[in-house]
Amino acid sequence: MGQLPSSTAGVPSCRRNDVIYQSCGSMAQQDLTVFLSPLMRKKIDDGLCVANGISNLPDDCLACVFQFLAPGDRKRSSLVCRRWLEVEGQSRHRLSLNAQSDLLSAVPSLFSRFDAVTKLSLKCDRRSVSIGDDALILISLRCQNLTRLKLRSCRQLTDSGMESFAMNCKKLKKLSVGSCTFGAKGMNAVVDNCSSLEDLSVKRLRGIADGGSTEPIRPGSASSSLKMISLKDLYNGQCFAPLIIGSKNLKTLRLFRCSGEWDGVLKLVTNNIKGLSEMHLERLQVTDIGIAALSNCENLEILHLIKTPECTNLGLSSMAEKCKLLRKLHIDGWKTNKIDDEGLISVAKHCTNLQELVLIGVNLTRVSISRLASNCQKLERLALCGSETIGDAEISCIAAKCTALRKLCIKSCPVSDHGMEALALGCPNLVKVKVKKCKGVTCDGVGWLRASRESLAVNLDALVVENQNQNATVEVVVEEQQPPPAASDIGGRANGGSSSNRRSTSLKARLGLTSGRNLVSCTLRRWSSFNGASASQSH
C-alpha cells in the first residue's frame, strides 16, 4: 500500500495526539515495534512519539495496529487523516452490511475503500426489499478473494445471481444462507465452482420447497473439501442427499426440522462416509434403523438426538456398541419413555470415554446412573432435565460415584434438600451446580451445600449464589422472570458498545434461564459462560 500525505484538517490536535499515543502504546504491547527504526522504537518506549513521528510508520505496521483496536476506536482512528482512512479501509477484512435494495448504488464506493474484505455478511430486514442479482454480482466482482459469505433474508436473489457470484468468488470456504428464495441451480453453481468450500449452512431456502420438481444438489467440486453441512427448516432437505453422500471428508452433519423420512439417507451417508465425528438430529422422521446405521461411524464423538420420538433403546444400543469414541451425548426423549435404563446401560458399557451427558425427558434410575458412574470415569458434565425418576436416591448415587463430575444441572426433577446434602458430601471435583424448577429444593438445602463447599457455585432458580474462594463475599443476583428478547434485540446488543465479560456472561445466563423452550441450548450456553468466567478469574 502506498502512503498518502497526511492531512488532519477538521480533527482537533489533542484528539489526534491521543489516538496516536494510544496506538503507539498498543504497538509496544504487541511487540510491533520491530518494524520501526531504532530511533522510533526508543521514542515509543519513552512515550515521546508525537504526530510528526507517526508518519514514519509503514502502512503495514499501521494496519497491524488497527487490528488490535476495538471497533469504535478503529472507526475514530480512521478520521485522523486521509492516510489513516485509507489504511484502515484496506486492512479491514470483515464487513457486515444492511442488504436493502438501495445498497446497489453504494457498492462501488464501499468496496473501493474496503477492498480487502474476505468475510462479508449481507442481512436484510424481512419487511424491506433486499438486494438483487445486480448488487450481488457487483460485490462478487469487487471481492473476488471472499472466503466467507452470510446471506439473510435476501429474497430478491435468484439462481442467475448465485451462478455469477460462484464463478467470480471461487475461493469461498464458508457459505451460510437463511430465508432466501433461490433454488437448486444456484446451490449447484456454488458447489460446482467453489472447490475450497468447507462449511455449508442452509436454513429456510424457499426455492427448493417443491419436492416434486427440485433437482438434486450434486456433489460438485466442493465434495472433496466440505467438512460441515447444516440443514435447517427445509421442506425438501433430502435433495441435498447426493451432496452429503459425495462429501467423503465430511466431519459434521447437522439436520434440524427437515421433513421427510431420513432412515434411508442416513444409511447411505454412514456407508459412504467413515470419518463423521459429529451428528445432530433434531425433530427428524428417523427410527432405530437410521440410528443403528450410525454404528458404521466408528469415529463418532458427538451425537445429539433431540425430539426423535421413534428412537428407542434398540437403536441407541446398536449405535453405542460400535461408537466407542463417543464423548458427548445429548438425548431429548420428549417424554415418550422409549429410552430408559436399558439404552443408557449399553452406553455405559461401550462408551467409556463419555465426558458430557445431557438427558431431557428420559426416565432413568440409579441402576443406569451407577453403571455410567462406574464405567464412564471421565464424565465431567451431566444434565438431567424433566425426568420423573430422578430423586434423592439418584442424586446420592451421583454424589457417591461420579468422582470426576465438575458441572451438574438438575431441572424439573423430584429432588429435595436431602439430595443437596448428598452433593455436599460427594463429587470432590464439582465446581458448579444448577437446580431449576425442583420444588423440593429450598434455600436451606442450598445453604447447606454452600456452607459445606465454599468453592462451589450454586444456582437455585431465581437466586444465584457464588463464592469464589474462602475469603470472597457472596453475591446474590435476583433474576426477573420475563419473556426472552427477540433474536434481533440480542443481535443488536451484541453489536453495541463494549461491556465487561462479567456483564455479558450474566446476560447470557438470564436469557438461558428465562427461555425454557430449548433446554439443551440453555444448558450448553450456561456451561460456556461458566468456563469463560472461570478462565478470566484464573488470569
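If a residue must be open to solvent by 30 Å² or more (accessible area, probe 1.4 Å) and of a type outside the set (A, V, I, L, M, F, W, C), how many such residues does segment 243-259 contain?
Total meeting the criteria: 6.
Given the conditions (1) in contact with a helix residue (DSSP H, G or I) (Cβ under 9 Å, 6 or more places away or on another chain); (2) within 16 Å of residue 408 (Cβ to Cβ), report the number of the one that residue 355 does not fulfil.
(1)
In segment 177-211, how many are open to solvent by 30 Å² or more (accessible area, probe 1.4 Å) and not polar (S, T, N, Q)?
From segment 177-211, those open to solvent by 30 Å² or more (accessible area, probe 1.4 Å) are 181, 185, 192-193, 195-196, 198-199, 203-204, 206-207, 209-211; that's our starting set.
Now restrict to residues that are not polar (S, T, N, Q): 185, 192, 198-199, 203-204, 206-207, 209-211.
Of the residues in that region, 11 qualify.
Tell me yes or no: at least one residue of segment 424-434 is at negative phi and assigned to a helix (DSSP H, G or I).
Let us first name the residues in segment 424-434 that are at negative phi, namely 424-426, 428-434.
Still in the running and assigned to a helix (DSSP H, G or I): 424-425.
Yes, the conditions are met somewhere in segment 424-434.
Among (1) over 16 Å from residue 153 (Cβ atoms); (2) out of contact with any strand residue (DSSP E or B) (no Cβ under 7 Å at 6 or more places or on another chain); (3) modelled with pLDDT of 90 or more, where does residue 210 come up short?
Going through (1) over 16 Å from residue 153 (Cβ atoms); (2) out of contact with any strand residue (DSSP E or B) (no Cβ under 7 Å at 6 or more places or on another chain); (3) modelled with pLDDT of 90 or more one by one, residue 210 breaks only (3).
Tell me, which residue of segment 125-137 that is in a loop (DSSP other than H, G, I, E, B) and open to solvent by 10 Å² or more (accessible area, probe 1.4 Å) is nearest to residue 106 (Cα to Cα)? Walk me through how you get there before you give the answer.
To start, the set of residues in segment 125-137 that are in a loop (DSSP other than H, G, I, E, B) comprises 125-129, 131-132.
Still in the running and open to solvent by 10 Å² or more (accessible area, probe 1.4 Å): 125-129, 132.
Details: 125: 18, 126: 21, 127: 21, 128: 17, 129: 16, 132: 14 Å.
In this case the residue turns out to be 132.
Tell me, which strands (runs of 3 or more DSSP E) lie completely within segment 290-387 with 1 or more residues that are over 22 Å from residue 276 (Cβ atoms)? Give the derivation first.
Details: elements: 302-306, 328-332, 356-360, 381-385.
Passing ranges, in order: 356-360, 381-385.
When the residues of segment 128-154 are narrowed to those that are at pLDDT 95 or above and charged (D, E, K, R), which ends up farthest from residue 99 (Cα to Cα)?
Once the filter is applied, the top-ranked residue is 148.
For segment 408-422, which positions are touching a helix residue (DSSP H, G or I) at 6+ places or on another chain (Cβ under 6 Å), in a strand (DSSP E or B) and not small (Gly, Ala, Ser)?
Selection gives 409 alone.
Being within 27 Å of residue 171 (Cβ to Cβ), open to solvent by 30 Å² or more (accessible area, probe 1.4 Å), in contact with a Gly (Cβ under 8 Å, 6 or more places away or on another chain) and not aliphatic (A, V, I, L, M): is that true of residue 94 here? Break it down into steps so the answer makes sense when it comes.
On the way: within 27 Å of residue 171 (Cβ to Cβ): yes; open to solvent by 30 Å² or more (accessible area, probe 1.4 Å): yes; in contact with a Gly (Cβ under 8 Å, 6 or more places away or on another chain): no; not aliphatic (A, V, I, L, M): yes.
For residue 94, the condition - within 27 Å of residue 171 (Cβ to Cβ), open to solvent by 30 Å² or more (accessible area, probe 1.4 Å), in contact with a Gly (Cβ under 8 Å, 6 or more places away or on another chain) and not aliphatic (A, V, I, L, M) - is not met.
What is the number of the single condition among (1) surrounded by 16 or more Cβ atoms within 10 Å (Cβ to Cβ); (2) at pLDDT below 80; (3) among the polar types (S, T, N, Q) that residue 78 does not meet?
(2)
Looking at (1) surrounded by fewer than 17 Cβ atoms within 10 Å (Cβ to Cβ); (2) under 24 Å from residue 215 (Cα atoms); (3) touching a Lys or Arg at 6+ places or on another chain (Cβ under 8 Å), which is the only condition residue 160 fails?
(3)
In this structure, is residue 73 open to solvent by 20 Å² or more (accessible area, probe 1.4 Å), among the charged types (D, E, K, R), part of a helix (DSSP H, G or I) and under 30 Å from residue 57 (Cβ atoms)?
yes
Considering only segment 290-300, I want to know if a residue exists there that is in contact with an Asp or Glu (Cβ under 7 Å, 6 or more places away or on another chain), over 24 Å from residue 185 (Cα atoms) and open to solvent by 20 Å² or more (accessible area, probe 1.4 Å). First the steps, then the outcome.
First pass over segment 290-300, keeping only residues in contact with an Asp or Glu (Cβ under 7 Å, 6 or more places away or on another chain): 290, 295.
Narrowing further to those that are over 24 Å from residue 185 (Cα atoms): 290, 295.
Next cut, open to solvent by 20 Å² or more (accessible area, probe 1.4 Å) only: 295.
The answer is yes, given that some residue of segment 290-300 is in contact with an Asp or Glu (Cβ under 7 Å, 6 or more places away or on another chain), over 24 Å from residue 185 (Cα atoms) and open to solvent by 20 Å² or more (accessible area, probe 1.4 Å).
If only one of 258, 194, 239 is under 25 Å from the mean Cα position of the chain (by Cα) and within 19 Å of residue 158 (Cβ to Cβ), which one is it?
Values: 258 fails: within 19 Å of residue 158 (Cβ to Cβ); 239 fails: under 25 Å from the mean Cα position of the chain (by Cα).
Within the list 258, 194, 239, the selection yields 194.
When the residues of segment 341-355 are filtered to those that are open to solvent by 10 Å² or more (accessible area, probe 1.4 Å) and either within 18 Å of residue 407 (Cα to Cα) or not charged (D, E, K, R) (or both), which remaining residue is nearest to the chain's Cα centre (by Cα)? Steps first, answer last, please.
Our first condition is that a residue be open to solvent by 10 Å² or more (accessible area, probe 1.4 Å); within segment 341-355, this holds for 341-342, 345-346, 349-350, 352-353, 355.
Cutting the leftovers down to either within 18 Å of residue 407 (Cα to Cα) or not charged (D, E, K, R) (or both) gives us 345-346, 350, 352-353, 355.
On the way: 345: 31, 346: 30, 350: 29, 352: 27, 353: 24, 355: 19 Å.
The selected residue is 355.
Could you pull out the residue among 130, 101, 77 that is farther than 30 Å from residue 181 by Cα and either touching a Lys or Arg at 6+ places or on another chain (Cβ under 6 Å) or small (Gly, Ala, Ser) (or both)? Give the steps one after another, and end with the answer.
Details: 130 fails: farther than 30 Å from residue 181 by Cα; 101 fails: farther than 30 Å from residue 181 by Cα.
Just one listed residue meets the conditions, 77.
Considering every residue within segment 108-124, establish whether at least one is part of a helix (DSSP H, G or I), buried (at least 19 other Cβ atoms within 10 Å of the Cβ) and at pLDDT below 95.
The initial filter retains those residues of segment 108-124 that are part of a helix (DSSP H, G or I), namely 108-113.
Adding the requirement that they be buried (at least 19 other Cβ atoms within 10 Å of the Cβ) leaves 111.
Now restrict to residues that are at pLDDT below 95: 111.
Taking every residue of segment 108-124 in turn, at least one turns out to be part of a helix (DSSP H, G or I), buried (at least 19 other Cβ atoms within 10 Å of the Cβ) and at pLDDT below 95.
The values are calculated or read from the model by the stated rules, or taken from the named source; none is laboratory data. Predicted model, so just to flag it, every value in this text is computed and none were measured. All Cβ positions, glycine included, derive from the backbone under ideal geometry; neighbour counts span all protein chains shown. Accessible surface areas use protein heavy atoms only, side chains included; no ligands, DNA or RNA. Shrake-Rupley method; radii C 1.70, N 1.55, O 1.52, S 1.80 Å.
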